[in-house]
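Read the figures in this text as sums done on the coordinates, not as results from a lab. Note that this is a predicted model, so its numbers are computed, not measured. As a convention, Cβ positions derive from the backbone with ideal geometry for all residues, glycine included, and neighbour counts pool all protein chains shown.
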Amino acid sequence: MSRIVLLHSAVGDSRLWRRQVAALTPHHEVVAPDLPGFGETTLPREPFSYVDSVATLLPAALVGNSFGGMVALRTALAHQERVSKLVLVDAGLPAWDFSEDLRDYWAAEEAAFEAGDLDAATQVTLDFWLRPEHHEEVRPQARRAYALQSAHDEPELLWPEFPPLSTLTVPTLVVVGADDKPDFRAIAQHLAEQIPHAELAVVAGAGHLVGLDRPDELNALLLEFLED
């Protein structure tokens, strides 16, 4: 049984993957960790690396959504020989020139967070990223993350160097929701063009969290791509 590691978005925690865990578990060893500062994993006080924390779970195939997609990509670039396959779902990308829409969201989120109004920060995030029918499922996850991340001063984040995407040799599937923000549709196109032999799948009727909006479609894509 091959190992699959699912890396969640910053909107919630590992529970965002519950529909994928159920679909993949009969066929693979599935690991869905809470990244530091989310769910059951507290935020370290000392400098730390998301990539180093994920590297402890390798060798594996990596599947990441949004922020988790960026972590998966950076882990794959740093540890190519230990990542069998890579799936980037509405992934972020370092140093991307984000639109005013995204910058306005981050400013509103930060203002609520800095004011100590974690409920308001949670609502800003839910309204921006999720369809209303998913709000109550994800609200406790988002609220928990803000609580963990406000518990003490944010530690320094350590990232490995970011080599050119053209150097990535890991078989890669890029997935994006057809209704996601324009920034992330553009990032998906860029990733598919720059990563050698990457496949691009656009999921109709899905926004930023394809695993919530169209779980059956994402599960089918994952099962097909992750077959040994």
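Here are the numbers for the structure shown:
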| item | result |
| --- | --- |
| Per-region count, segment 54-105, residues without any contact (Cβ under 8 Å) to a residue 12 or more places away in the chain and in a helix (DSSP H, G or I) | 4 |
| Which listed residue, of 202, 138, 174, is over 18 Å from residue 39 (Cα atoms), under 17 Å from the mean Cα position of the chain (by Cα) and buried (at least 18 other Cβ atoms within 10 Å of the Cβ) | 174 |
| Qualifying residue in segment 50-63 (condition: farther than 29 Å from residue 182 by Cβ, over 18 Å from the mean Cα position of the chain (by Cα) and surrounded by fewer than 19 Cβ atoms within 10 Å (Cβ to Cβ)) | yes |
| Residue pairs meeting the criteria (Cβ under 7 Å; at least 6 apart or on separate chains; first over 13 Å from residue 119 (Cα atoms), in segment 141-152; second surrounded by 15 or more Cβ atoms within 10 Å (Cβ to Cβ)) | 148/37; 148/38; 148/43; 149/37; 149/43; 151/43 |
| Residue ID - surrounded by the fewest Cβ atoms within 10 Å (Cβ to Cβ), chosen from residues in segment 64-80 that are aliphatic (A, V, I, L, M) and closer than 23 Å to residue 1 by Cβ | 76 |
| Lone unmet requirement of (1) closer than 25 Å to residue 49 by Cβ; (2) surrounded by fewer than 18 Cβ atoms within 10 Å (Cβ to Cβ) for residue 187 | (2) |
| Enumeration of residues in segment 24-39 that are without any contact (Cβ under 8 Å) to a residue 24 or more places away in the chain and either part of a helix (DSSP H, G or I) or exposed (fewer than 15 other Cβ atoms within 10 Å of the Cβ) (or both) | 25, 26 |
| Tabulated pairs, segment 164-178, first within 18 Å of residue 212 (Cα to Cα), second in a helix (DSSP H, G or I) and not aliphatic (A, V, I, L, M), C-beta under 6 angstrom, 6+ apart or interchain | 176/185 |
| Segment 11-23, residues that are crowded, with 21+ Cβ neighbours inside 10 Å and free of Cβ contacts under 8 Å to residues at least 40 places away in the same chain | 14 |
| Matching residues, segment 118-176, being of a type outside the set (Gly, Ala, Ser), more than 30 Å from residue 216 (Cα to Cα) and out of contact with any Lys or Arg (no Cβ under 9 Å at 6 or more places or on another chain) | 148, 149, 154, 156, 157, 158, 161, 163, 164, 167 |
